1. Could you work out how far the C-alpha centroid of the range 68-113 sits from that of the range 198-277, in angstrom?
2. Figure the gain on full extension for Thr29 and Ser106 (residue separation times 0.36 nm, minus the Cα-Cα span) and round it to one decimal in nm.
3. Compute log10 of I(q)/I(0) for the range 99-193 with the Debye formula, placing one identical point scatterer on every Cα and leaving out solvent, at q = 0.21 Å⁻¹, to two decimals.
4. Divide by every residue of the chain the summed helix terms, -39500 (n - 2.57) for each DSSP H run of at least 4, and state the resulting mean residue ellipticity at 222 nm, rounded to the nearest 500 deg cm²/dmol.
5. With θ set to phi - 60°, apply the Karplus curve 6.51 cos²θ - 1.76 cosθ + 1.60 along the range 78-86 and write out the HN-Hα couplings as whole Hz, x wherever there is a Gly or Pro.
6. So how far apart, in nm, are the two label points at Val204 and Leu117 if each is 7 Å from Cα heading toward Cβ?
7. Find the percent of Cα-Cα distances in the chain that exceed 22 Å, and round it to a whole number.
8. What ranking do 66-74, 144-152 get when scored by the average of other Cβ atoms within 10 Å per residue, highest first?
Amino acid sequence: MSVSVFWLGPIGALRALPSPSLGAGPEATSTRFGTVHRSLSGRPTVDRLGIKRTWSLTWPYLDPDTHAYLDALHLGLITGPVWLVDPQRVNQLGVQAASAGSAHHSTDGFTATAGTLAWSPSIRAGAPVDGGISWSVPAEGGRLEASGHVPVPDLLPVTFSVFVAGARPVRLTVTTQNPSGIPVSVIDSPPILPGTAGTRASLVVTPASGVAACRVAITAPADTSTVITTGAWQIQPGSMPSPWRPGGGTAVVIVESLRVAYPVPGSYATTATLLEV
């Protein structure tokens, strides 16, 4: 996927947009919602309620078909939710999943089919985050999955990478889904024995026709009971893992406004403003 290509649309119907004008953006602004309090000594404290982004994509000469598509989204003529894939943010997982719980200092966003989970500040995964997930795995094994799915442009490969440490074999697992969320396939990596020092492992998946999204997990086959620690989760376009980056490469959005001018007949000078939901 080219770094200049944004994708926009419902799951299973993502559409590649022409490259926005580099001279006029594109812009992606993050706004923190919350309140700043000050103690009697004047020390500030932030109550962070959330961070939402606004994208401004500008085309000086947009073709009629793409403009009609953006117009239909703006008018609410296409059933959502509408997703944006931002190619400048490599990691397409949400921020909580990408940071292995460090965004909220909790295991929110992760589920295990067996065993127990805890967020630990002592886990270091080679990423600038506060910690990671500690998974106590029983002898019968199980699966640790990041909740939510990541939209996948049709037939384009994606790479799942993660830091993992532990004294029993594990596999990386990617479950592909159709537009209705029904599993299409489950792809596992070869067994990985990470060791107590840990390693960064990756799995490349090329979606089959009809795949619209994927989910990522770590699978522990049956073995001795032990603790697996993990951090710095990432899923990205392409067939090579890159260094970990904070998540947020995909988001559900609305088309807040569509500013249009007519520079020449048959073209549209267009600025689309997208708000993260």
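The values are calculated or read from the model by the stated rules, or taken from the named source; none is laboratory data. Computed from a predicted structure; not experimentally measured. Quick reminder, even Gly has a Cβ in these numbers, built from the backbone with ideal geometry, and neighbours come from all protein chains shown. Protein only, heavy atoms only, side chains kept; ligands, DNA and RNA dropped before computing areas. Shrake-Rupley method; radii C 1.70, N 1.55, O 1.52, S 1.80 Å.
1. 7
2. Values: separation 77, 0.36 × 77 = 27.72 nm, distance 2.62 nm.
Gain in length upon complete extension: 25.1 nm.
3. Values, matching the q order: -1.26.
4. Values: 2 runs with 15 residues, N = 277.
Value at 222 nm, helices only: -1500 deg cm²/dmol.
5. Result, rounded to whole Hz: 10, 5, x, x, 9, 10, 10, 9, 9.
6. 2.9
7. Details: 23101 of 38226 pairs.
That fraction is 60 percent.
8. Details: 66-74: 17.2, 144-152: 21.1.
Listed from highest to lowest mean packing, they are 144-152, 66-74.
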